[in-house]
Amino acid sequence: MKLSTLALLAALPHIYNGAMVSENNHQAPKVLFSKASYLNRYNHDIIAEEQNKVSYRDENPKSNLLSSNGDKLQLNTSEINNNTPSAVSAQCSQGNYQVSSTAELEQLYQCDNIVGSVHISNYKGSVIDTGSIQTISGDLSVSNASSLVKINVPNLASIGGTFSLKELTSLASISAPSLNSVDSINWKVLPILSTATLDKGIKQIRSITISDTSLTRVSGFDVATLNTLNLNNNRFLDIISMNVTSIKEKLTISANSKNAIALFPELKWANNITIRDISSINLSNMEKVDESMEFISNNFKSLKLPKLESVGGTLSIIENHNLKEVEFNNIDEIGGGLMIVNNTMIESVNFFPKLSSIGGAIELLGSLKEANFSKLRLVKGSAIIQSVYESFDCSLWTKGLGDSGSIVRGGKITCISGSMKHDMNYNENGEILDESITSIENSNKSSNRFRFSNDASAAKANIAIKIFTAIAMTALIQYL
């Protein structure tokens, strides 16, 4: 039976795989037809080219359901068959989708849930919009899209893999109002990205890396545990705030805004911590660090970890020129070394009242008037201590405590107080093997003495650290 154009258009909502569907099972929407009308059920355009010639065109150029020339309208049932539930399901679970255009992205709009990863690259448009997509089981990555200004994922709630954005030099904003679960975020080289809207808040995530953006705040991650948190080179980043309680691999914050504050009031345990270029830090509940903990070139005036009990690796406090108040009241053991170097406002190292053991070397350098470790009984590595003050007392390190011998058992002690240099070698029992005391002349021999003043540069401090480290390593090798 032949149908006229108007009759077939009116009947189309009832057709499924070429068969008529009962009126009770499927109610047809209103359909208007003219030279410039449209079929609203399928959201396709009907374009009137001539009075007696109409073409029915899908927004997807690969799909043409209807075509007409004059009064004859043909229905491409093969295209309708490809949009059945089974066909849609197959199209949404292809594993990997390589997308480079808006048209290719819009082909995924029929998928609420995508099984696989979506990789968008060489994209020429200014906006990426994921439409009705709600979940992506794999990764969502965008790269090599120099014209991209905005990413909008309005309905996307879950990304099973990594949300990766790399080298998008024009990207200014990300809108993800529904996103609450993602395995990891990896955003790098997004130099003008200033807005990232996560209205619902991320409640499931393992790792976060955000580097080289213009974001001013990182918060809204409501998770107890992270594997890694790495925030670096975000030049306007002022506020970092999270209630995370543990970090399994590494916490790294560096080279953000010089006024940046980092708030981790609930953090109790981390494997490794590096904090640089921060003006204020809250680690008030930190109890244990399995590996190393470093505070380098920060602007804060106070560093207090009152509940910290142990550091498995090296504890380093280096070149924090405004630091005055330091508190490590409960730390008992440091498994690696202890470095307190060129913190120009610190004159007394007396903030380790319970520290009894240091598993590596100890280095104390700066404008120090005293170094008091009342409970310290063992330093397994070497010791390098230097103060610009003649009055600095080296006897704690060179004479030991009572009859037990030196607390330093790692081979060599070098202690410089003003112009006097004390060198001593010990065996593993703390017994003196040899000793020397020499005077360091100030004139023409400045290379033998390290001066640490309030305006000392980082370069000078680094040179000093390298030289003293070399001395310590040489002594340890000789001892072994």
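Nothing in this text is a laboratory measurement; each read-out follows from the coordinates by a stated rule. This is a predicted model, so every value here is computed, not measured. Here the Cβ is made from the backbone with ideal geometry for all residues, glycine too, and neighbour counts use every protein chain on show.
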Output ³J(HN,Hα) for region 89-104: one whole-Hz value per residue in order, computed from phi by the Karplus curve 6.51 cos²θ - 1.76 cosθ + 1.60 with θ = phi - 60°, and x for Gly and Pro.
4, 5, 5, 8, 9, 8, x, 10, 10, 9, 10, 9, 8, 4, 4, 5
Using 7 Å Cα-to-Cβ label points, what is the Ser395/Ser147 separation (nm, one decimal)?
7.9
Do any chymotrypsin sites (Phe, Trp or Tyr not before Pro) in region 88-125 lie in a loop, going by DSSP, with at most 15 other beta-carbon atoms within 10 Å of their beta carbon, and if so which?
Tyr109
Residues with beta-carbon under 14 Å from that of Ser280, excluding Ser280: net charge, scoring Lys, Arg +1 and Asp, Glu -1?
+2
Interchain or sequence-distant (5+) residues whose placed amide H lies within less than 5 Å of the amide H of Ile407 are Gly400, Leu401
How about region 338-417: which GluC sites (Glu not before Pro) there are in a DSSP loop, with at most 11 other Cβ atoms within 10 Å of their Cβ?
Glu390
Rounded to one decimal in nm, the spacing of the 7 Å Cα→Cβ label points at Lys375 and Glu431 is 3.1
Run the quick spin-label model on Ser121 and Lys248: label points 7 Å from Cα toward the beta carbon, then report their separation in nm to one decimal.
2.8
Quick check on my link table: of Lys268/Lys375; Lys188/Lys307; Lys200/Lys301; Lys258/Lys288; Lys124/Lys250, which ones sit more than 32 Å apart, alpha carbon to alpha carbon?
Lys188/Lys307; Lys200/Lys301; Lys124/Lys250
What FRET efficiency do you get for Gln98 and Ala224 if R0 is 45 Å and r is their Cβ-Cβ distance, rounded to the nearest 0.05?
0.80
